[in-house]
Amino acid sequence: MFTEGPKQRAVKKQIISTDQAPAAIGPYNQAVIHNGTLYCSGQIAIDPASGELVTGSIEDETRQVLKNVGGLLEAAGCGFEDVLKVSVFVKDMNLYGRINDVYAEFFKPEFAPARELVEVANLPKFVNIEISVIAAVGE
């Protein structure tokens with residue numbers, strides 16, 4: 001809900017929660033559906049089963065992040081082919097090619113979404129990559 005002047009207006013939305021992605025650790029949800037669109041919170045390389053960060057290589061991190069995204073997509077009844085927009089945040093732009101190699105395992109060219117990849121100063125838990133997506137649901 002949000003406040004609009006002195007009145008309050010409820011926004012109709014469906015909260016998505018799954019054990020196939022890390023639990024939210026703050027005042028937010030893993031994902032939300034509104035008007036047939038899924039908005040996924042940023043995912044980092046936390047293994048939802050163990051709660052531990054997946055480290056080692058940027059490929060390992062990226063793969064775990066995209067598995068987490070996949071868990072959210074599945075919980076919402078859609079898949080990677082339904083993703084419309086991807087936001088990728090990285091700590092080092094020099095990792096771009098290696099990230100793209102893993103990204104291509106999940107996003108096939110015929111269903112490739114719009115995307116930006118942005119270098120940032122830091123990310124939660126000092127990870128190297130965070131990804132959020134917007135997807136169509138029920139199409």
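Once you put a point 7 Å from the Cα of Glu59 and another 7 Å from the Cα of Asp47, both along the Cβ direction, what distance in nm separates them?
1.8
Applying a 10 Å radius around every beta-carbon, put 55-62, 20-27 in order of their mean neighbour count, most first.
55-62, 20-27
Report the label-to-label distance for His34 and Ala112 in nanometres (one decimal), using points 7 Å from each Cα along the Cα→Cβ vector.
According to this spin-label approximation, the distance is 3.0 nm.
What does the highest-first list of 109-120, 73-84 look like by mean Cβ count within 10 Å?
73-84, 109-120
Arg98 versus Gln20, label points 7 Å from Cα toward the beta carbon: distance in nm?
The two pseudo-label positions are separated by 2.8 nm.
What FRET efficiency comes out for the pair Glu119/Glu74, r = Cβ-Cβ distance, R0 = 41 Å, nearest 0.05?
For R0 = 41 Å, the calculated efficiency reads 0.85.
Which label belongs to the value computed from this structure, given these candidates for Rg and Dmax of the Cα atoms in Å: (1) 16.7, 50; (2) 19.8, 63; (3) 15.5, 52?
The value matching this structure is (3).
Relative to the longest principal axis of the C-alpha atoms of the chain, give the angle of the C-alpha long axis of helix 58-75, reported between 0 and 90° and rounded to the nearest 10°.
30
At 0.36 nm per residue, minus the direct Cα-Cα distance, what do Glu81 and Ala10 gain on full extension? Give it in nm, one decimal, please.
22.5 nm
Taking the 0 to 90 degree range and rounding to the nearest ten, how far is the long axis of helix 96-106 tilted relative to the main principal axis of the chain, both from C-alpha atoms?
For helix 96-106, the angle is close to 60 degrees.
What's the long-distance tail for the range 67-139, i.e. % of Cα pairs beyond 19 Å?
35
Here, each number is a calculation from the coordinates, and none is a lab measurement. Note that the structure is a prediction, hence the values are computed from the model and not measured. Cβ atoms come from the backbone with ideal geometry, glycine included; neighbour counts cover every protein chain shown.
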